[in-house]
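What follows draws every value from the coordinates through simple rules; no lab data is involved. What you see is a predicted model; the values in this text were computed from it and never measured. In this analysis, Cβ positions are derived from the backbone assuming ideal geometry, glycine residues included, and neighbour counts consider all displayed protein chains.
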Amino acid sequence: MEPKKRKSLFCNCLPSVFLLSAVLFIGSSFLVTDYKERFLACHIIYNIEATKSKMCENQCRPEGRTLPRGIVSITTDLEMRPLWGRPKKKSKSPMNLLAIAVGIKQKQNVNVMVKKFPLTDFAIMLFHYDGNVDGWKELEWSNYAIHVSAINQTKWWFAKRFLHPDVVAQYAYIFLWDEDLGVENFHVGRYLSIIKKEGLQISQPAIDPEKSEVHYKFTARELNSKVHRRTINLRGPGRRCYEDSTGPPCTGFVEMMAPVFSRESWRCAWYMIQNDLVHAWGLDFQLGYCAQGNRTANIGIVDSEYVVHFGLPTLGGSASDKANSEDRGQSSLNKASPDQGQKVPSERDQADGRNAVRKESYIELENFKNRWKKAVREDECWVDPFSSQ
Ligand SMILES: *[C@@H]1O[C@H](CO)[C@@H](O)[C@H](O)[C@H]1NC(C)=O
Ligand SMILES: *[C@@H]1O[C@H](CO)[C@@H](O)[C@H](O)[C@H]1NC(C)=O
């Protein structure tokens, strides 16, 4: 009995101590909370039930608990599997995921977008916010995509519920995109090789300022550049950015319409999405905390593969983007409208809906900021890695 007990104490507490110190070393707030809770839970149980080492052993197993370790499948993926036989061979490099929140009105554009992402390298997931799933059936890739439908829900609502980090753990990069992006000048293969080579944990394709409404100079495409990690904006409009600016929106920042996350940065970003704040305003400015280190180095805008942001009035999306930028004292660098001939006529109730969404988004933004401040105040162990900047 004795040796077994000692062994169990050893294997229960050592990983916790190791994790705790590893995590303190990394200094990521979200991981700290996660592991600290785990550590405390284990510690308390150990104290109370010191004699019942067997029970402690079970309690401290982070996964599966009562199952033999080898049978526990902690993570999963979004691969569809055949009813018999083996799945078709995909490419050797790890798969990636493209998830888009869609309504049937943008079907044509979404079709063009999805066709840029080869099924051999990408799992495709559509979040239908208008309940129309059947309308997509005729598209050749539709049967290979995962369709999730929930009426009037936002991209962030879907992402929080259906892109849990353990569900998407297999994917090297997660593209969480809006449906109103023009991808004529975007090649995903080249994009992937650039972000890998540049070590970008969080990125986005640059926005074409000629054809899009640009809210932040930082995300606008720079000519003759492959990637940029900071911008200088001495005269405005919007927030000023200097050579030595250290934070968003001058560096370490992406917008919410076309972010691309590495596996690790997505785990962190997923933690940051609040269940009840569905418009996710304010998240963009904090994403630097998910950059796995230096946000200026690890977040970048890819200029050579760029997109147009049509800014169509979708599910509150573009309307909120617009208000978002105004709210922060930015005004458009370029007022050119999409001119795609697909703009939905602004009916009165649609406009009312958008105003209501905008109002709600402001409230959520305040809420999020306050929660962040409170969390920082209350977590004595958390150190702001960017506080000296
Ligand atoms: C969804 O939103 C639209 C307005 O954008 C509204 O007309 C409709 O009733 C909503 N549907 C549900 C089920 O809430
Ligand atoms: C962060 O990265 C940028 C760009 O690579 C670099 O200039 C800067 O010195 C780095 N900051 C720190 C604190 O390492």
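Listing for the model above:
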quantity	calculated
Where a label projected 7 Å from the Cα of residue 196 along Cα→Cβ would reach, residues of the range 222-236 with amide N under 18 Å	227
Extension gain (nm, one decimal) between residue 370 and residue 275, 0.36 nm per residue minus Cα-Cα	32.7 nm
Local net charge near residue 275, Cβ-Cβ under 14 Å (Lys/Arg +1, Asp/Glu -1)	+1
Per-pair calculated FRET efficiency, R0 = 30 Å: residue 172 and residue 84 via Cβ, rounded to 0.05	0.55
Volume per residue that the Cα convex hull of the range 121-173 spans, once the total is divided by residue count, Å³	79 Å³
Residue-span extension gain [residue 187 to residue 234] - 0.36 nm each, minus C-alpha spacing	13.7 nm
Positive minus negative residues near residue 242 (Lys, Arg vs Asp, Glu; Cβ under 13 Å)	+3
Peptides ranked, highest mean first, by Cβ atoms within 10 Å: ranges 205-211, 288-294, 305-311	305-311, 205-211, 288-294
Convex hull of the range 96-378 built on C-alpha atoms - directionally averaged projected area, nm²	14.4 nm²
Sequence ranges 79-88, 246-255, 100-109, 371-380, ranked by mean other-Cβ count within 10 angstrom, highest first	246-255, 100-109, 371-380, 79-88
q = 0.15, 0.21, 0.23, 0.24 Å⁻¹, the range 180-284: log10 I(q)/I(0) [Debye, one scatterer per Cα]	-0.71, -1.33, -1.48, -1.52
Computed label-point distance, nm, for sites residue 351 and residue 363 using a 7 Å Cα→Cβ extension	2.3 nm
Links that overshoot a 23 Å alpha carbon limit, given the list 226/369; 115/211; 116/196	226/369
Net length gained if the chain between residue 134 and residue 92 were fully extended (0.36 nm per residue, minus Cα distance)	11.9 nm
Residue 161/residue 225 FRET efficiency (R0 41 Å; Cβ-Cβ; nearest 0.05)	0.65
